[in-house]
Amino acid sequence: MTAILAAVMILVFLGTALGDGPVATLPDGHRLALPEGMQETGTDPTETGLGADWVLEPDLEMLIFSYEAGDATAMSLAEGLTATGRKAEVREIGGTEFLVYQDTDEADGALCVGYACRAGERLIEISFFCGSQRAADLTREIMESYQ
């Protein structure tokens, strides 16, 4: 009974954390629930493939890209990254295989957590730049809302 109560409390917390905020629609029509206060900003038209830029002040930015996939799969991308010494794995989220990787932003040293999946002939990449542990924790919550 205690375990059931704990699970319900976690679901209530997650629902509150992400349920009241905006929704980001990915290029393939899937959606992500975002935290309250996260706002879409303008995108740079010279940035290849950039479809959306969302910011939660002061320390979280989410960029959504769409590229031609070619032969890329989540697994081939993960293998390529791990071969260069980067941390990467394949994780299933909402029935879709995602490449999940971590890196460091060269400009300011911020943690970058990235997700990429194949959608038909396109590769959709969601990159999070995190300035705090709380921001990094939010990336997982946001991606678990993928539907």
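The values are calculated or read from the model by the stated rules, or taken from the named source; none is laboratory data. The model shown is predicted, which means the values in this text are computed figures rather than measured ones. Every residue, glycine among them, receives a Cβ derived from its backbone with ideal geometry; neighbour counts consider all protein chains shown.
Within the range 73-85, restricting attention to residues that are of a type in the set (Gly, Ala, Ser) and over 18 Å from the mean Cα position of the chain (by Cα), the residue that is surrounded by the fewest Cβ atoms within 10 Å (Cβ to Cβ) is GLY85. Which of (1) at pLDDT 95 or above; (2) within 15 Å of the chain's Cα centre (by Cα); (3) within 30 Å of ASP20 (Cα to Cα) is the odd one out, the single condition ALA88 does not satisfy? Of (1) at pLDDT 95 or above; (2) within 15 Å of the chain's Cα centre (by Cα); (3) within 30 Å of ASP20 (Cα to Cα), only one is false for ALA88: (3).
Out of all the residues in the range 119-127, is one or more among the polar types (S, T, N, Q) and farther than 23 Å from GLY42 by Cβ?
Start the filter on the range 119-127 by keeping residues that are among the polar types (S, T, N, Q), which leaves 127.
So of that shortlist, the ones also farther than 23 Å from GLY42 by Cβ come out as none.
So far as the range 119-127 goes, no, none of its residues is among the polar types (S, T, N, Q) and farther than 23 Å from GLY42 by Cβ.
Can you find, within the range 128-143, the residue that is surrounded by the most Cβ atoms within 10 Å (Cβ to Cβ) among those that are charged (D, E, K, R) and without any contact (Cβ under 8 Å) to a residue 60 or more places away in the chain?
Of all residues in the range 128-143, those charged (D, E, K, R) come to 134, 137, 140-141.
Now narrow it down to the ones that are without any contact (Cβ under 8 Å) to a residue 60 or more places away in the chain: 137, 140.
On the way: ASP137: 11, ARG140: 14.
The extreme case among them is ARG140.
A Cβ distance below 9 Å, combined with a sequence gap of six or more or placement on separate chains, defines the contacts here; from the range 98-127, residues that are without any contact (Cβ under 8 Å) to a residue 12 or more places away in the chain and crowded, with 21+ Cβ neighbours inside 10 Å reach no residue that is assigned to a strand (DSSP E or B) and among the hydrophobic types (A, V, I, L, M, F, W, C).
Of all residues in the range 125-135, those satisfying the criterion of being over 10 Å from the mean Cα position of the chain (by Cα) and either aliphatic (A, V, I, L, M) or assigned to a loop (DSSP other than H, G, I, E, B) (or both) are GLY131, SER132, ALA135.
Could you please let me know if GLU106 is more than 26 Å from THR43 (Cα to Cα) and either modelled with pLDDT under 95 or not in a helix (DSSP H, G or I) (or both)? Steps first, answer last, please.
Details: more than 26 Å from THR43 (Cα to Cα): no; either modelled with pLDDT under 95 or not in a helix (DSSP H, G or I) (or both): yes.
So GLU106 fails the test.
Confirm whether GLU36 is within 19 Å of GLU144 (Cα to Cα), at pLDDT 60 or above, surrounded by 12 or more Cβ atoms within 10 Å (Cβ to Cβ) and not aliphatic (A, V, I, L, M). Yes, satisfied.
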